[in-house]
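First comes the structure, then the notes that go with it.
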Amino acid sequence: MQLFADYHIHSRYSDGRATIRQLAEAALAKGLEAITICDHGPNNIGAGVKSPGSFLEAKQEARKIAKDFPNLELKVGAEANVIGLNGEIDVPEEIYKKLDWLTVGLHPYIWPKDLRTGWSYVVGNQLHTITEGQRRKCIERNTKALVEAIRRHKVDVVAHPGLGVPVDIEEVAKACAETNTAFEINTGHRYQYVSDLVRVAKTGVKFVVNSDAHFTDTVGDLDYGLALLQQAKIPPEQVINGRH
Ligand SMILES: [Zn+2]
Ligand SMILES: [Zn+2]
């Protein structure tokens, strides 16, 4: 299998270290055919974009330089944070509709939408080691929030399901399969197990392998994900950036 695209890359608009032009050059050097610049939503503490309007600036910048990269499909999207228990996200619909791509993910350190979310999600996820019962409740709450985000918004990819914030990955994968949302294998954070991917693949969900690069030198570093796909016997037809 060959992976021809990397749909999760951060630029200077959030906590990435490179400009969009530098990232595009790095992608071409790695032989990629398509990339998505996908910066963190504004509610990510210490890492988010200044405001949702930054995504439109990034898109404008990408449009300006696109002519210099005729062999690269250069897309701009957002990695939105789930900030409410009912699937609310921190990138408004009127903004993400103007972008090429929407990725949604759970992150532990976010500014929540309201106090209830703050208490039960942000604080709750820090307490999950205390008792098994509390942990189970957290997983239920996290899963529900993520699944509702997938159903409420037109989401392309769910970023790193289960990383840092525990979820029921099969429930998430089922919702992804029903809504044509890709389930990410994230090579920047090597936390996923082959056995989990085998279980998840049975839902019929489509996968995507992404680097989550924050620097030019990790753009297109997808080999680790490719190895996981092969071990889990997932065919290229089930991978949105894969082909024979
Ligand atoms: Zn993320
Ligand atoms: Zn990311």
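Nothing in this text is a laboratory measurement; each read-out follows from the coordinates by a stated rule. Values in this document were obtained by computation on a predicted structure and should not be read as measured data. Counting neighbours? That spans all protein chains shown, and the Cβs are built from the backbone with ideal geometry, glycine included.
Listed values, structure above:
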| item | result |
| --- | --- |
| Entries of 154/174; 174/206; 75/154; 154/206; 75/113; 137/202 with Cα pairs more than 18 Å apart | 75/113; 137/202 |
| Which of 55, 66, 146, positive extreme of dipole for the range 24-183 (C-beta unit charges) | 146 |
| DSSP beta bridges in the chain [antiparallel fraction, %, rounded to 5] | 15 |
| Structure-based [θ]222 nm, the chain - -39500 (n - 2.57) summed over DSSP H runs of at least 4, per residue, nearest 500 | -9500 deg cm²/dmol |
| The range 86-103 residues near the modelled residue 111 label - backbone nitrogen below 20 Å, point 7 Å along Cα→Cβ | 86-96 |
| Cα point-scatterer Debye curve for the chain, base-10 log of I(q)/I(0) at q = 0.17 Å⁻¹ | -1.28 |
| Coil-residue trypsin sites (Lys or Arg not before Pro) of the range 74-177, DSSP, other Cβ within 10 Å capped at 13 | 97, 98, 154 |
| Extension gain (nm, one decimal) between residue 12 and residue 66, 0.36 nm per residue minus Cα-Cα | 17.7 nm |
| Relative contact order (%) - the range 2-243, alpha-carbon pairs under 8 angstrom, separation at least six | 21 |
